[in-house]
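Asks: The structure under discussion is supplied below as structure tokens; questions concerning it will follow.
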Amino acid sequence: MKLSCLFCFACLCMIAMAPSASPQQVAITVDDLPSHGPLPPGMTRADVAKSILGTLRQAHVPKVYGFVNANKLEQHSEEIEVLKLWRQAGFPLGNHTYAHLSLNDSSADQFDQNVADDESALKSLMGHQNWRWFRYPYLWEGDTLEKRHAVRQYLKDHKYHIAQVTLDFEDYLWNAPYARCAEKNDATSIEWLKSSYMSTAAEYMGVGQQMAKLVYGRDIRHVLLLHIGAFDAVMLPELLDLMKKQGFKFVTLEQAEKDPAYKTDPDVALKDGGTLLEQMMEAKHIKFPQNEKPYDKLNAICR
Ligand SMILES: [Zn+2]
């Protein structure tokens, strides 16, 4: 890391750690229900869900949407338990396509059909409550404008809200390394996973807030993306504590997306997709803040 980057990082941390006068609002959302990533020995999908739900309840996080890929139940019908636990906790479910479909690798029609295929599970679990919130898999909203427009039109015609994301530190990257390190009983490596998860989370909260100011000239109500993984379950208490210390107040997805920022449409074709803020940065040709994640070490650890 260059000295200038170190300086940027220090500034970001200071911005991230300073409690603001008016609480910074954030909605927590969880993707890939009922299952994401490998499990460490002795842990079940229901354990992961119970742990995450317990932490959310304890921190008084309201109405957390869990985004479902119902095709996972074809192979593992027992994982319906996760969706039932989510509902028993009073939390809603939303649509993440039936098979976690990549819009880059499918046509708009195939994608729309996959959205529709997810609905019967949502209807049976949600009853009359609103499940018409949609989260794009991989945050890929269309690698051509034609696809982007066609899918957006389909979602609009079927009364979906797009569950945008503004804070994303790729929490999922830590789940497979954790399962490997737990298998090897490698406590030193697990400590590094914990500290790097937290430092990356802190850095990217700051980056998100910084990008909001660059795009909208102010900070906005945020939406954080997490996944239903084993290491997410382990780290969630510490993560929510950090967010409280940073001055975040937890609100619902509906409350967060009342912010006028969510009415903006970047209207760009992107292969790599991204959060609403990242897409807006691309659309407005704004230079991205410097940041990095420990991809190589995560990939190599506990092999
Ligand atoms: Zn996903």
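The values are calculated or read from the model by the stated rules, or taken from the named source; none is laboratory data. Just so we're clear, the structure is a prediction, and the values are computed from it rather than from any experiment. Every residue, glycine as well, gets a Cβ built from its backbone with ideal geometry; the counts of neighbours run over all protein chains shown. Note: areas computed on protein heavy atoms with side chains; ligands, DNA, RNA excluded. Shrake-Rupley method; radii C 1.70, N 1.55, O 1.52, S 1.80 Å.
Asks: Show the residues, 5+ positions off or on another chain, whose built amide H is closer than 5 Å to the amide H of Trp133.
Replies: Here the answer is Asn95, His161, since their amide H atoms fall under 5 Å of that of Trp133.
Asks: Among Tyr98, Tyr197, Ala230, pick out the residue whose Cα is farthest towards the positive end of the charge dipole of the chain, where Lys and Arg carry +1 and Asp and Glu carry -1 on C-beta, about the Cα centre.
Replies: Toward the positive end, the furthest listed residue is Tyr197.
Asks: Let me ask something else about it. Could you pull out the pairs from Lys147/Lys271; Lys63/Lys287; Lys194/Lys293; Lys63/Lys159 whose alpha carbons sit more than 23 Å apart here? Write out the running numbers ahead of the final one.
Replies: Values: Lys147/Lys271 12 Å; Lys63/Lys287 35 Å; Lys194/Lys293 14 Å; Lys63/Lys159 20 Å.
Checking Cα-Cα distances, Lys63/Lys287 exceed 23 Å.
Asks: Please report how far the C-alpha centroid of segment 21-81 lies from that of segment 119-142, rounded to the nearest whole angstrom.
Replies: So the two Cα centres are separated by 15 Å.
Asks: If you roll a 1.4 Å probe over segment 151-303 with all protein chains in place, what percent of the accessible area is carbon or sulfur?
Replies: Working: 3290 of 6690 Å².
Ligands and nucleic acids excluded, carbon and sulfur reach 49 percent.
Asks: For Asp31, enumerate residues with amide H under 5 Å from its amide H, sequence gap 5+ or separate chain, H modeled in the peptide plane.
Replies: Here the answer is Phe67, Leu226, His227, Ile228, since their amide H atoms fall under 5 Å of that of Asp31.
Asks: Right, something else. May I ask you to derive the relative contact order of the chain, considering only C-alpha pairs under 8 Å and at least 6 residues apart, and to give it as an integer percent? Could you put the intermediate results ahead of the total?
Replies: On the way: 502 pairs, mean separation 91.2, N = 303.
Value for the chain: 30 percent.
Asks: How much accessible area does Glu203 have with a 1.4 Å probe, in Å² rounded to the nearest 10?
Replies: Ignoring ligands and nucleic acids, Glu203 comes out at about 20 Å².
Asks: Size of the dipole of segment 29-94 about the Cα centre, Lys and Arg at +1 and Asp and Glu at -1 on the beta carbon, nothing else charged, in debye to 20?
Replies: That gives segment 29-94 a dipole magnitude of about 300 debye.
Asks: Would you mind working out the magnitude of the charge dipole of the chain relative to its Cα centre, with +1 at each Lys and Arg C-beta and -1 at each Asp and Glu C-beta, to the nearest 20 Debye?
Replies: Values: 33 positive and 38 negative charges, 186 e Å.
The calculation lands at about 900 debye.
Asks: Please work out the average accessible area per residue across segment 70-153, using the 1.4 Å probe convention, and give it in Å².
Replies: Numbers: 3860 Å² over 84 residues.
Averaged over the residues of segment 70-153, the accessible area is 46 Å².
Asks: Apply the Karplus parameterisation 6.51 cos²θ - 1.76 cosθ + 1.60, with θ equal to phi minus 60°, to every residue of segment 222-234 and state each ³J(HN,Hα) to the nearest whole Hz, in sequence, with x for glycine and proline.
Replies: Each residue of segment 222-234 in turn: 9, 10, 9, 9, 10, 10, 8, x, 4, 6, 4, 4, 5 Hz.
Asks: Treating only the Cβ of Lys, Arg, Asp and Glu as charged (+1, +1, -1, -1), what charge dipole size does segment 156-303 show about its Cα centre? Round to the nearest 20 debye. It would help to have the intermediate numbers written out before the result.
Replies: Working: 19 positive and 22 negative charges, 54 e Å.
Once rounded to the nearest 20, the dipole reads 260 debye.
Asks: Per 0.36 nm of contour for each residue apart, how much would the distance between Arg87 and Arg218 grow if the chain were fully extended, relative to their Cα-Cα spacing?
Replies: 43.6 nm
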